[in-house]
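What follows is calculated from the coordinates using simple rules that are stated; it is not laboratory data. Please read all numbers here as calculations on a predicted model, not as lab measurements. Backbone-built Cβ (ideal geometry, glycine too); neighbour counts: all protein chains shown.
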Amino acid sequence: MDDRVELSLHVPVPLTRPGDAPTFDHIDIPAAGATRRPSVESLEADMRDLPYGMVRVLDDEGRAVGPWAPSIEPEAMRRGLRAMAQTRVFEDRMFRAHRQGKTSFFMKSTGEEAIGVAQSLTLAADDMCFPTYRVQGWLIARGYPVVDMIHQIYSNEKDPLKGRQLPILYSARDYGFYSLSGNVGSRFGHAVGWAMASAYMKDHRIALGYIGEGTTAEGDFHEALTFAAVYRAPVILAVTNNQWAISSFSGIAGAEQTTFAARAIGYGLPGLRVDGNDYLAVVAATQWAAERARTNRGATLIEFVTYRVAGHSTSDDPTKYRPSDEPVHWPLGDPIERLKQHLIALGEWSEERHAQMHAELTETVRAAQREADAVGALGKSKPSAREMFEGVFKEPDWRVIEQRREFGI
Amino acid sequence: MTQMTMIQALNSALDVMLADDPKTLIFGEDVGYFGGVFRVTDGLQARHGLTRCFDAPISEGGIIATAIGMGAYGLRPIVEIQFADYILPAFDQLVSEAARLRYRSNGEFWAPITVRSPYGGGIFGGQTHSQSPEAIFAHITGLKTVIPSNPYDAKGLLIASALEDDPVIFLEPKRLYNGPFDGHHDRQLRTWAGHPSADVPEGLYTVPLGKAATVREGADVTLLAYGTMVHVGLAAIEESGIDAELIDLRSIVPLDIDAIVASVTKTGRCVILHEASRFGGFGGELSALVQERCFYHLKSPIERVAGWDTPYPHAFEWDYFPGPARVVAALRRTMEA
């Protein structure tokens, strides 16, 4: 008799699909304040429990608790709250603009606003972030003109990127925001190279690279971690784990086996697992990792546990692959609501002020859209076709010059 | 002037650039203490310091990604991919990032990187140490591709590449590292000693990208070549007795189209020679350009001589390699057509 075990192929499937009752019981969430905060001088070997904990500051009553609670002024928190709220208002409006035919494509970061906003406001003005398309809040937090974002989304005559890029793939060097690309993951290693260059030049600036949990499966992720560890690069490497990569749940990227923060252990890097919907936890983890980077202690991998409330983009319907009410069951709540409640608990904010702020932001975004609409939405206005032929090389070669002539301009 | 091999000339170019610009640095597999598997970076770490020339993990994608990030910061990295055959893990970085960064960011970021890589066959390297992948880079909008054929050009072109603000793929024909090679593999090895293009200045000079060299003037047929094939072509012309004009393209992007058109317009015949396999090779583009621009001057069909459309076969190296006999036959065909 053949007593060998018959092999079977394991294909991960999410616990729930459309029509099922949503559950997040599989995600281990320690209480706020429960995960310890080692000093930044700690050796990586002494911190290998952190990737399995979760840095959380805001508890269910809106209090900031535990060792990670950052020292942060109410005004700084209100600034963060405002930027998150503006991001959400802006994205809702642009999503509708897509439905109205004003642009070809759009992506929202609903539910994930704390990450880009808190990091944008925590890092220095001359640090450099290597973004994913889901951290538009970085730009809004730094005061990048909303109208220019809309010009870019419209690919109109005033598009800062001259109609060459898909909507929301911004570039904003002066705002510490590196050029985006639609190829996921391919800039993660650039963050490490930029940080190595800063160290090589004996500079003080650090880099921040973003990648989604789905994209951690790309070689780029592992190459970047290898270089970051080998050369002790002053970089923060952030995995935004929003549970979904288009329609593939995080298990398809390996989440059934371990945490994404735990990827750090194999590289000898500190790994933090952080409540990504907790503004103060994001600030605290970023401060900790930045201080390590700025003192030649090297890179930190941070997994921000969050949830993609919206679809991947305007091109997919999430109710086709996950329960339609899954977002409301997400156990880490909403980042705007949680920071709002904290400020109210401190006596530094109120529902009235919040409603007034929301009305102001709505009007600000509406005004910016009116200005962009006046220039023209997609197809109604576009940069000169000469722009198509510019910037291939620093100086055009004969092919571009000839082809521009052939095209007739 | 000093007599240098191509290895010494490339080493001198890197030495000059490290001394000239503190923003220049070198990294790649085995390039640091050891000085590279072909010795091109020999002594550079000792002379310029650990952070100026250092070893990289075996991670071609990581090497190019890191270089692009450094370039975005403002450095001018010169990296080595140990063999051109191993460049493919970095292809996404070269195509989707290095080549596109300036365009997509409207000039906010760019990648002033030089990617050196030993390339081509003739050293019994088998399938994985012999290939000539230049055509796949030439096809990529936003990359420049340079292939020197002698020590003087190698140094001047490498310095010119390092000074470029656009990404450059710098392919070094490894069969030419220690001496010219005309394809007669059964004859005694030649060294660069005494060769006129082995006289190389010690200091900084450039050979501009996009300027072809006329290696031999001739009246009856134009032979277009680059890299090792320049030497094969010259031998073939001498053996054929045909008065052919030999043009060394030196870079295929940018391409010196004026030199090509002027020569073919004069001779009325054209043979294209490269070591890479023929189908979809850069010779196809050259043939199309000559046809488009010189058709009414052509007296015979354009000929291509190239590697066969097979992987590079170890035991059949000299059956695969487009040596002088095949070039002579093509030259004769074009003259007799």
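Could you list A:Thr132, A:Thr215, B:Thr310 so that the one with the fewest beta carbons within 10 Å of its beta carbon is first and the one with the most is last?
Going from sparsest to densest Cβ surroundings: B:Thr310, A:Thr215, A:Thr132.
How long are the semi-axes of the equivalent ellipsoid of the range B:2-200, defined as square roots of 5 times the Cα gyration tensor eigenvalues? Whole Å, largest first.
Those come to 27, 19, 15 Å.
Going by how many other Cβ atoms sit within 10 Å of their own, how do A:Lys162, B:Lys266, A:Lys108 line up, fewest first?
B:Lys266, A:Lys162, A:Lys108
Arrange A:Leu378, A:Leu15 by Cβ neighbour counts within 10 Å, fewest through most, would you?
A:Leu15, A:Leu378
Relative contact order of the range A:18-147, please, whole-number percent, based on alpha carbon pairs below 8 angstrom and at least 6 residues apart.
19 percent
Averaged over its residues, how many other protein chain Cβ atoms are within 10 Å of peptide A:195-202's Cβ atoms?
Per residue, the number of nearby Cβ atoms from other chains is 6 on average.
Return the subset of A:Lys394/B:Lys144; A:Lys108/A:Lys162; A:Lys108/A:Lys340; B:Lys211/B:Lys299; A:Lys102/A:Lys382 for which the Cα-Cα distance in this structure is over 18 Å, preserving the input order.
Exceeds cut-off: A:Lys108/A:Lys162; A:Lys108/A:Lys340; B:Lys211/B:Lys299.
Between B:Cys53, B:Cys294, B:Cys270, which gets the highest mean-square fluctuation from a Gaussian network model of chain B, Cα cutoff 10 Å?
Sorting by GNM fluctuation, first place goes to B:Cys294.
Hey, got the dipole for the range A:158-302? About the Cα centre, +1 on K and R Cβ, -1 on D and E Cβ, debye to the nearest 20?
It comes to approximately 520 debye.
Relative to the Cα centre, what is the charge dipole magnitude of the protein assembly as shown, using +1 at the beta carbon of each Lys and Arg, -1 at the beta carbon of each Asp and Glu, and rounding to the nearest 20 debye?
1280 debye
Who wins for biggest fluctuation among A:Lys340, A:Lys394, A:Lys320 in a Gaussian network model of chain A, springs between alpha carbons below 10 Å?
Of A:Lys340, A:Lys394, A:Lys320, the Gaussian network model singles out A:Lys394 as fluctuating most.
If you take the charge dipole of chain B about its Cα centre, with +1 on Lys and Arg Cβ and -1 on Asp and Glu Cβ, which of B:Gly74, B:Gln291, B:Phe109 is farthest toward its positive end?
The residue sitting farthest along the positive end of the dipole is B:Gln291.
Mind giving me the FRET efficiency for A:Ser248 and A:Arg99? R0 is 25 Å, r the Cβ-Cβ distance, nearest 0.05 is fine.
0.50
Please compute, over every Cα-Cα pair in chain A, the percentage with a separation greater than 32 angstrom.
Everything past 32 Å amounts to 37 percent.
Please give the average number of partner chain Cβ atoms lying within 10 Å of the Cβ of each residue in B:54-66, rounded to a whole number.
6
Just going by the charge dipole of chain A, with Lys and Arg at +1 and Asp and Glu at -1 on Cβ, which of A:Tyr200, A:Val392, A:Ala289 is farthest out on the positive end?
In chain A, that residue is A:Val392.
Please label the shape of the protein assembly as shown as rounded, prolate or oblate, based on the square roots a ≥ b ≥ c of the eigenvalues of the alpha-carbon gyration tensor (a/c under 1.5 means rounded; beyond that, a/b larger than b/c means prolate, else oblate).
Since a/c reaches 1.5 and a/b is larger than b/c, the shape of the protein assembly as shown is classed as prolate.
Within 10 Å of each Cβ in A:161-168, how many Cβ atoms from other chains are there, averaged over the peptide?
Mean partner-chain Cβ count within 10 Å for A:161-168: 3.
May I ask you to list the GluC sites (Glu not before Pro) in the range B:203-296 that are in a DSSP loop and have at most 14 other Cβ atoms within 10 Å of their Cβ?
Here the GluC sites (Glu not before Pro) that fit, given the DSSP loop and packing criteria, are B:Glu217.
For chain A, set up a GNM with springs between Cα atoms under 10 Å and report which of A:Val328, A:Val305, A:Val365 has the largest fluctuation.
A:Val328
Using just the helices of chain A, give the 222 nm mean residue ellipticity in deg cm²/dmol: DSSP H runs with n ≥ 4 each add -39,500 (n - 2.57), and the total is spread over all residues, rounded to 500.
-11500 deg cm²/dmol
Under the rule of -39500 (n - 2.57) per DSSP H run of 4 or more residues, summed and divided by the residues of chain B, what mean residue ellipticity at 222 nm is obtained, to the nearest 500 deg cm²/dmol?
-9500 deg cm²/dmol
Between 0 and 90 degrees, rounded to the nearest ten: what's the tilt of helix B:60-73 against the longest Cα principal axis of chain B?
Between the helix axis and the principal axis of chain B, the angle is about 70 degrees.
Shape verdict for chain B, please, from the Cα gyration tensor: rounded (a/c under 1.5), prolate (a/b greater than b/c) or oblate.
Prolate is the answer for chain B, as a/c is 1.5 or above and a/b outweighs b/c.
Could you give the length gained on full extension between B:Gln127 and B:Tyr296, defined as 0.36 nm per residue of separation minus the Cα-Cα distance, in nm?
Once the chain is fully extended between B:Gln127 and B:Tyr296, it gains 56.8 nm.
Mean separation of Cα pairs under 8 Å and 6+ residues apart, divided by the residue count of chain A: what relative contact order is that in percent?
Relative contact order here is 24 percent.
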